[in-house]
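See structure below.
Please treat every number below as a calculation from the coordinates, not as lab data. These numbers were taken from a predicted model, which means no experiment stands behind them. Note: ideal-geometry Cβ built from the backbone for every residue, glycine included; neighbour counts use all protein chains shown.
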Amino acid sequence: MMLYRLLFAAVFRRLDPERAHRLGFGAIRAAAAVPGGARALRSYCGPRDPALFVKALGLDFPGPFGLAAGFDKNAVGIDGLAALGFAFVEVGTVTARPQPGNPPPRLFRLPRDRALVNRMGFNNDGAQAVAARLTRWRERQRRRGLTPGAGSPIVGINLGKTKAAAETEAIADYETSARLLAPLADYLVVNVSSPNTPGLRDLQAVSVLRPLLLAVREAADRAAGRHVPLLVKIAPDLADQDIDAVADLAAEIGLDGIVATNTTIRRDGLVTAPERVEALGPGGLSGPVLRDRALDVLRRLRVRVGDELAIIGVGGITTAEDAAERLAAGATLLQGYTGFIYEGPFWARRIHRELSRRSRPAPGAGSRELDGPGRRKENVSR
Ligand SMILES: Cc1cc2nc3c(=O)[nH]c(=O)nc-3n(C[C@H](O)[C@H](O)[C@H](O)COP(=O)(O)O)c2cc1C
């Protein structure tokens, strides 16, 4: 950790954030590509405490903490990321058509807040190219006799709308991605909450969301020839009654889960000077500043949907304490992104180790801090 802090201050912080991302991710991929590299990393970093196992979405997760969407948009580094100790990796956002995203600069650090602002705009290779890459990856895993959760990382795929697709084409656009990618996904997420595609968040309105989710589920299950767990990812900026409406819809149509939350368009609660924040322009804010709202949204959802649905808690999780709090509030699984940038490559390992330590009763005490509504087996085994 100390070493990474020094490296961050001396090197990464001086680099353009997107360039630093490419360099850091390149190093992770290179380490995993060295013969025996991924295995060595996995044995050092991987979660292996049975107390941390989570059965959810019909899958066996080796731990609760995964990597959130946006880091590996094109599914190019799953092995390296999983080897660093993430219990699952959500790739994407992938859109039906390839697109370059917004013009750079589009990713900014707020180091005093340990936060990020991004307006990447779903830069990605498109569903066809990502499907081809994942097909080759799955084939390699199969040849090695690895299955999801048993040697092969669990991979979620996050789907978004192509920017050039009109609102009236939105459903068809998501369906195209679902058809191509569902056969390769352990679970799918319909992302209607990124702030960087004009009009996208309007799809969270239940009248639009219902036909969208039903159409994606139909296309996904038909293409995969099995039920592919389907979740929806929501924004922290929804009003409480809109959160309730999404929760009710999810329960009513038998969705498998909800990912809460994406980045926020709000800018309050930062210590960075407002002029500097404003000068960065629009985008989604992530990191610790998001924690309280993301936790509130999770609590609200859990009360509303009961024990049935899986909820993936994401937004501002930095420490194992944050993670434990989110689990106690009803999260089935957890994800993070921004902490990876500020805390370094062994962040997921640390979170799992610390959760593991907390799950062991202190000598003389009987309590298990990890217990929470989201970790009772009956509500996570859908
Ligand atoms: C640079 C960046 C790119 C992101 N791209 C995506 C994306 O493509 N799709 C998505 O659903 N979320 C995306 N996110 C949001 C994260 O998945 C996560 O929901 C959010 O950052 C809150 O978690 P955090 O505070 O741990 O970063 C992105 C976040 C960042 C910082």
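A few notes on this one:
- Within the range 121-145, residues that are farther than 13 Å from Gly92 by Cβ sit with their Cβ atoms under 6 Å from residues that are within 16 Å of the ligand (Cβ to nearest atom), at 6+ positions apart or across chains, in these pairs: Gly121/Gly101; Gly121/Asn102; Gly121/Asn196.
- Residue in the range 267-282 that is more than 14 Å from the ligand (Cβ to nearest atom), touching a helix residue (DSSP H, G or I) at 6+ places or on another chain (Cβ under 8 Å), closer than 16 Å to Leu309 by Cα and outside any helix (DSSP H, G or I) present: no
- Every pair of residues 6+ apart whose Cβ atoms lie under 8 Å, when the first sits in the range 93-120 and is on the phi > 0 side of the Ramachandran plot while the second is of a type outside the set (Asp, Glu) and part of a strand (DSSP E or B): Gly101/Asn124
- Residues of the range 217-266 satisfying the condition of being within 14 Å of the ligand (Cβ to nearest atom) and surrounded by fewer than 17 Cβ atoms within 10 Å (Cβ to Cβ): Ile265, Arg266
- Pairing each residue of the range 193-213 that is without any contact (Cβ under 8 Å) to a residue 24 or more places away in the chain with any residue that is in a helix (DSSP H, G or I) and among the hydrophobic types (A, V, I, L, M, F, W, C), provided the two are 6+ apart or on different chains, yields no C-beta distance under 7 Å.
- Restricted to the range 153-171, and to residues there that are assigned to a strand (DSSP E or B) and either of a type in the set (Ser, Thr, Tyr) or more than 13 Å from the ligand (Cβ to nearest atom) (or both), the residue that is nearest to Leu188 (Cα to Cα) is Val155.
- All positions within the range 313-322 that are out of contact with any helix residue (DSSP H, G or I) (no Cβ under 6 Å at 6 or more places or on another chain) and either within 9 Å of the ligand (Cβ to nearest atom) or of a type in the set (S, T, N, Q) (or both): Val314, Thr319
- In this structure, Gln141 does satisfy being more than 14 Å from the ligand (Cβ to nearest atom), closer than 14 Å to Ile78 by Cβ and part of a helix (DSSP H, G or I).
- Residue in the range 298-312 that is assigned to a helix (DSSP H, G or I) and within 15 Å of the ligand (Cβ to nearest atom) present: yes
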